[in-house]
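Working notes, structure below.
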Amino acid sequence: MKLYGCPNTRSMRAAWALEEAGAQYDYVLVDLFKGAGRAPEFRAINPAAKLPVLVDGDLTLTESGAIVDYIGGKYPASGLLPADAAAGADCRRWMYFAVTELEQPLWTIAKHRFALPRERRVPAVEDTARWEFSVAAKLLEDSLDDRTYICGAQFTAADILLAHTLAWARSAKV
């Protein structure tokens, strides 16, 4: 198995899940800061030129949430995905929440700070994105109540996605 990644990107989520699962894998650095994501060799692996990418035999998987979900399914003993169907569904609910509700405003802010071409950036959107993030963060806070983990007594894949997103928010000063 190979994980293509770069520090300070969503590939950290995939690496964290692989480590939690005790999986054997090779980490392939794709230095986005030096343009390696646009290189033809990498675009042959992922035409979208984004990270992370997990290659496991004939499977090439993109999207950090999908990769973390796959790792949890491939390594059931890791406990990243609860075995019980209802508990597993609840875990996936929080995984999807992390990547669609909690992360989305952060990515909007990042795009308008540095990722989009300068002529496409709209700095004024940041205020609305910060508000969106605060709404999602409050829902997460209320749902955690006084629990350590979002899905109960056990650390799961949802905790990886949520914790990484909250760390991103902190580093972005949101």
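The values are calculated or read from the model by the stated rules, or taken from the named source; none is laboratory data. Remember, it's a predicted structure, so these values are computed and weren't measured experimentally. No Cβ is skipped: glycine too gets one built from the backbone with ideal geometry, and neighbour counts run over all protein chains shown. What goes into the accessible areas is simple: the full protein's heavy atoms, side chains included, and nothing from ligands, DNA or RNA. Shrake-Rupley method; radii C 1.70, N 1.55, O 1.52, S 1.80 Å.
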Where residues in the stretch 153-174 are among the hydroxyl-bearing types (Ser, Thr, Tyr) and part of a helix (DSSP H, G or I), which of them is least open to solvent (accessible area, probe 1.4 Å)? Thr165
Identity of the residue in the stretch 75-125, β-branched (Val, Ile, Thr) and within 14 Å of the chain's Cα centre (by Cα), that ends up most open to solvent (accessible area, probe 1.4 Å): Thr100
Residues (of a type outside the set (A, V, I, L, M, F, W, C), in contact (Cβ under 8 Å) with a residue 12 or more places away in the chain and outside any loop (DSSP other than H, G, I, E, B)) located in the stretch 43-92: Asp56, Thr60, Thr62, Ser64, Gly65, Asp69, Tyr70, Gly72, Lys74, Ser78, Asp90, Arg92
Of the residues in the stretch 140-152 that are over 13 Å from Asp90 (Cα atoms) and part of a loop (DSSP other than H, G, I, E, B), the one that is least open to solvent (accessible area, probe 1.4 Å) is Arg147
Does the stretch 25-34 contain any residue that is within 11 Å of Pro52 (Cβ to Cβ), part of a helix (DSSP H, G or I) and touching a helix residue (DSSP H, G or I) at 6+ places or on another chain (Cβ under 7 Å)? no
Within the stretch 21-37, can you find the residues that are open to solvent by 90 Å² or more (accessible area, probe 1.4 Å) and in contact with a Leu (Cβ under 6 Å, 6 or more places away or on another chain)? Tyr27
Quick one: is Asp31 without any contact (Cβ under 8 Å) to a residue 40 or more places away in the chain and out of contact with any Lys or Arg (no Cβ under 9 Å at 6 or more places or on another chain)? yes
